[in-house]
Amino acid sequence: MPNVMEQKVQGFMARVIAKNPGEVEFHQAVHEVVESLIPFVEENPQYKEAKILERMIEPERVILFRVPWINDKGGVELNKGYRIEMNSAIGPYKGGLRFHPTVNLGILKFLAFEQVLKNSLTTLPMGGGKGGSDFDPKGKSDNEVMRFCQSFMTELQRHIGPNTDVPAGDIGVGGREIGYMFGQYKRLRNEFVGVLTGKGLDWGGSLIRPEATGYGTVYFAKEMLATRKQTFEGKIVSVSGSGNVAQFATEKVNDLGGKVVTLSDSQGFIYDPDGIDAEKLAWVMELKNVKRGRIKEYADKFGAQYFEGERPWGIKVDVALPCATQNEINEEEAQLLIDNGCYCVSEGANMPSTAEAAKIYIDSKILYGPGKAANAGGVAVSGLEMSQNSMRLSWSREEVDTKLHSIMVNIHENCVKWGKDDDFINYVDGANIAGFVKVADAMLAQGVV
Ligand code: NDP
Ligand code: 2IT
């Protein structure tokens, strides 16, 4: 027989599912948050009476559009374009754009919803949004990517602006794509403004933005480890993915004296028990960011093992940093990690653990930093890029890194404040409640809008 709180959660979720049919990732993200928040909202009736939770899960605006473009053979191609403007209570909509064939409304709504709470946690004045397309940059020429980005921005430009909505990168959107989109925005609007973050250093970008998500995820893990008087020194670490977040998470683990033994992509993972040192990592960056090759080539180059079609969670490690995509660790894999001695999971990716996997971490009382806290460093430095753009000044590498580090320490402290229960820190509850309060209070102050 479920208790009263469980019944309230189930009732809430039944309504969410009925109103947003088929959006399974969105249901998953909302469920995790309402499990933390319903008890809190019951104790704080001002939020309940104003229907803050109900309003927070409904996007302020959803924009859906057609993106036609011409391929290199002269043929017409067609993709879907999206922007979810989720919540602007504490600042302009802010969040990445994802270009991946799996992109759909439910995935972008889950990402936009998490972004609202994540951005609030950073303490910077940013609302939440997310967007993207089912366009697949893999196997496309630079010219095809450019034509796609130009067509995408031709529609998106009328909905965004430096004080309205400021997109950035995510899966499949890095410096190249941001450049093409920025160029098209500037051309159409005839203004040079900070409408996107993740820009190149010579045209309004911030130092440390490329590094920020990966570094931040490791800074967060470092704070979690410190609660058990541990450091990264000598720790064995698995990282998944081999894109932006995975690369800079690996770099920071190396800096702190740990050893990263895995990387992956959507086709398989490599296991290198000697560790992916700075030299090997530089090779991976060239492979992934310039040649746009597959991680399998690492095994051929450095004599490491390659596991086709598998994920790295069966490898014995102390710390796991999932940095690829949503639901990349399932229940069995979570159990396997813990059975092999892993006691810290810090999520560079958004929602990489299934609900069942997350429950296993919490029941096993390991250190578990959920994505909306652990990967907030990326959007935090995007916020710093916006500040620098507004001031028309740029900060040094050290200044930005110091600010990033202190933001991650502060997010950790806030999670402890709201999530500590006797001897255990539930970072999921901590992140959800800490992120919620600021947005909810702003919504209350701004009335029923
Ligand atoms: P990239 O596109 O740079 O890299 C993505 C990596 O994940 C690639 O190795 C890719 O492999 C792999 N991957 C993507 N989709 C899948 C899939 N369906 N199954 C298995 N592997 C997959 O993206 P980022 O590094 O920027 O993003 C990684 C994660 O971090 C995402 O969850 C993103 O939302 C999150 N994130 C990113 C931030 C940022 O600032 N960039 C900020 C906060 C979170 P392949 O090349 O084979 O597709
Ligand atoms: O998920 C994320 O936080 C991002 N993709 C970064 C968003 C941003 O605006 O920098």
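Taken together, the values in this text are just the output of simple stated rules run on the coordinates, not laboratory data. Computed from a predicted structure; not experimentally measured. Neighbour counts run over all protein chains shown; Cβ positions are idealised from the backbone, glycine included.
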- Cα gyration tensor of the stretch 154-243, axes a ≥ b ≥ c as square roots of the eigenvalues: rounded (a/c below 1.5), prolate (a/b > b/c) or oblate? prolate
- Diffusion coefficient in µm²/s returned for the stretch 28-103 by Stokes-Einstein, Kirkwood Rh over C-alpha pairs, 10 °C and 1.306 mPa s, is 101
- Message: As a footprinting exposure proxy, order 413, 347, 144 by other Cβ within 10 Å, with the fewest listed first.
- Response: 413, 144, 347
- Query: Can you give the percent of C-alpha pairs in the chain whose distance is more than 29 Å?
  - Reply: 44
- Taking only C-alpha pairs under 8 Å that are 6+ residues apart, what is the relative contact order of the stretch 339-449 in percent? 22
- Task: Compare 119, 104, 143 in a GNM of the chain, Cα atoms joined below 10 Å, and give the one with the largest fluctuation.
- Result: 143
- Listed residues 104, 340, 46: farthest to the positive end of the dipole of the chain (Cβ charges): 104
- Taking the DSSP beta bridges in the chain as the whole, what percent of them are antiparallel, to the nearest 5? 60
- Query: Residues with amide H under 5 Å of residue 95's amide H, sequence separation 5 or more or different chain, H placed in the peptide plane at 1.01 Å from N; which?
  - Reply: 129, 166, 168
- Given the stretch 142-281, what percent of its DSSP beta bridges are antiparallel, to the nearest 5? 65
- So, in nm, how far is label residue 402 from label residue 190 when the simple model puts each one 7 Å beyond its Cα toward the Cβ? 4.3
- For the chain, what does -39500 (n - 2.57) per DSSP helix run (n ≥ 4), summed and divided by total residues, give at 222 nm, in deg cm²/dmol to the nearest 500? -15500 deg cm²/dmol
- Proxy exposure order for 333, 398 (fewest C-beta within 10 Å first) is 398, 333
- Only Cα pairs under 8 Å and at least 6 apart count here; give the relative contact order of the stretch 90-233 as a rounded whole percent. 24
- Among all the lysines, which ones have a C-alpha under 27 Å from residue 280's C-alpha, if same-chain residues fewer than 8 places away are not counted? 138, 140, 199, 222, 235, 252, 259, 288, 291, 296, 301, 316
- With the contact rule set at Cα under 8 Å and sequence spacing of 6 or more, what percent relative contact order holds for the chain? 15
